[in-house]
Amino acid sequence: MPRPGLRSKSQKRKKIRTPGNRNTTHYWRKRPSKAHCAVCKRPLQSIPRLRPVEMKKTNITSRRATRPESARYCHKCLQSIIQEKVRNF
């Protein structure tokens, strides 16, 4: 029986035959879904699909685009938000 942390269905499984001729099961986490815009729900570009631990290991520049709020809004929604703020100012 696998350890308790591996018993959930959120784990991907693959049956492997080892060099010692034993059948074992290898477990790993599924790939996360894409990040989505908070307004229009379109998938965000330039944000990699990585688990949080893997995301920490990447460069800050490769985690998101260089524009402000790029990890939350797509370019079109961000443009409209900025234009609204400028008009109301």
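Quick look at the numbers
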| item | result |
| --- | --- |
| Hits in the range 17-54 - residues which are surrounded by fewer than 10 Cβ atoms within 10 Å (Cβ to Cβ) and in contact with a Lys or Arg (Cβ under 9 Å, 6 or more places away or on another chain) | N23, S33 |
| Wholly enclosed helices (runs of 4 or more DSSP H) of the range 40-89 bearing at least 3 residues more than 26 Å from K30 (Cβ to Cβ), without any contact (Cβ under 8 Å) to a residue 12 or more places away in the chain and over 15 Å from the mean Cα position of the chain (by Cα) | 75-88 |
| Test for R87: is it at pLDDT 90 or above, surrounded by fewer than 13 Cβ atoms within 10 Å (Cβ to Cβ) and in contact with a Pro (Cβ under 7 Å, 6 or more places away or on another chain) | no |
| Which numbered condition E69 fails, given (1) modelled with pLDDT under 90; (2) exposed (fewer than 11 other Cβ atoms within 10 Å of the Cβ) | (2) |
| Residues (within 20 Å of M55 (Cβ to Cβ) and not in a loop (DSSP other than H, G, I, E, B)) located in the range 11-32 | Q11, K12, W28, R29 |
| Number of positions in the range 1-39 that are in contact (Cβ under 8 Å) with a residue 24 or more places away in the chain, in contact with a strand residue (DSSP E or B) (Cβ under 9 Å, 6 or more places away or on another chain) and within 29 Å of R63 (Cβ to Cβ) | 3 |
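The values are calculated or read from the model by the stated rules, or taken from the named source; none is laboratory data. The structure presented is a predicted model; accordingly, all values stated were derived computationally and were not measured. Neighbour counts are summed over all protein chains in view; Cβ atoms, including those assigned to glycine, are modelled from backbone coordinates with ideal geometry.
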